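The next block holds one structure in the form of structure tokens; read it before the comments.
The values are calculated or read from the model by the stated rules, or taken from the named source; none is laboratory data. None of these values were measured; they are calculated from a predicted model. Note that each Cβ is placed from the backbone with ideal geometry, even for glycine, and that neighbours are counted across all protein chains shown. Quick note on the areas: whole protein, heavy atoms, side chains included, nothing else; ligands and nucleic acids left out. Shrake-Rupley method; radii C 1.70, N 1.55, O 1.52, S 1.80 Å.
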Amino acid sequence: TQLLEQSPQFLSIQEGENLTVYCNSLSVFSSLQWYRQEPGEGPVLLVTVVTGGEVKKLKRLTFQFGDARKDSSLHITAAQPGDTGLYLCAGSPLWAGSYQLTFGKGTKLSVIP
Amino acid sequence: DAGVTQSPTHLIKTRGQQVTLRCSPKSGHDTVSWYQQALGQGPQFIFQYYEEEERQRGNFPDRFSGHQFPNYSSELNVNALLLGDSALYLCASSLFGQGDTQPQHFGDGTRLSIL
């Protein structure tokens, strides 16, 4: 069983469309991080959400942390081909050591021009 | 400002061999974590080093070992390689003391293939 479940696993959309990807868990997290990874590269941190119910915006990307701090979502408005990549959520559950970052399997996004 | 650098970028080994992967952290960072990313999966935590000691370890066998040097660089060693060890090995650096929100800066990884 995956500690962090991400959905959908794959997503292919047309340029200009909106999309939402999800990161869910049965465990409570003190914080969650979102990364984007492109082929042949390491993950790059996009945002960290800390407070339950928190919403953070990064240009066309909106991140939300669930009230109970068990889930998070990433919404992209007017997707562009440059948004293509693997989106990973990660965090340290409260019952684990703070140093052990757990990742979901990711959502592979393809934005078609 | 140099980011996280890893070497080599690609490596091919055969079963039973041993391998050493290297990582230099981002300038100013003192903590190094290693992850294994199998194809189609998210990264899995192997272990983290701070002050030249292993601070925490994920669910990996003792065949996986590491070291951190006084200049904060790190090595990952894997003995008795198995086919299942084929993966992208990622190094991430961070600054100790930032708690749960410590941002991890990743290198581009070493692609290890076991024949």
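Taken as a whole, region A:67-85 holds at least one residue that is on the phi < 0 side of the Ramachandran plot, in contact with a Ser or Thr (Cβ under 9 Å, 6 or more places away or on another chain) and charged (D, E, K, R). Among the criteria (1) within 24 Å of residue B:45 (Cβ to Cβ); (2) loosely packed, with under 13 Cβ neighbours inside 10 Å; (3) basic (Lys, Arg), the one residue A:59 does not fulfil is (1). Might you let me know whether region B:23-45 holds any residue that is of a type in the set (Val, Ile, Thr) and within 20 Å of residue A:106 (Cα to Cα)? The answer is no, given that none of the residues of region B:23-45 is of a type in the set (Val, Ile, Thr) and within 20 Å of residue A:106 (Cα to Cα).
Residue B:40 satisfies every condition listed in (1) open to solvent by 30 Å² or more (accessible area, probe 1.4 Å); (2) free of Cβ contacts under 8 Å to residues at least 40 places away in the same chain; (3) more than 8 Å from chain A (Cβ to nearest Cβ); (4) of a type outside the set (Asp, Glu) except (3).
Inside region A:66-86, residues that are within 14 Å of chain B (Cβ to nearest Cβ) and touching a Gly at 6+ places or on another chain (Cβ under 6 Å) make up a count of 2.
Table: residues versus (1) open to solvent by 60 Å² or more (accessible area, probe 1.4 Å); (2) in contact with a Lys or Arg (Cβ under 7 Å, 6 or more places away or on another chain); (3) aromatic (Phe, Trp, Tyr).
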{"residue": "B:7", "(1), (2), (3)": "no, yes, no"}
{"residue": "B:18", "(1), (2), (3)": "yes, no, no"}
{"residue": "B:35", "(1), (2), (3)": "no, no, yes"}
{"residue": "B:47", "(1), (2), (3)": "no, yes, yes"}
{"residue": "B:92", "(1), (2), (3)": "no, no, no"}
{"residue": "B:97", "(1), (2), (3)": "yes, no, no"}
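Residues that are over 17 Å from residue B:7 (Cα atoms), modelled with pLDDT of 95 or more, open to solvent by less than 10 Å² (accessible area, probe 1.4 Å) and more than 9 Å from chain A (Cβ to nearest Cβ) occur in region B:66-83; there is at least one.
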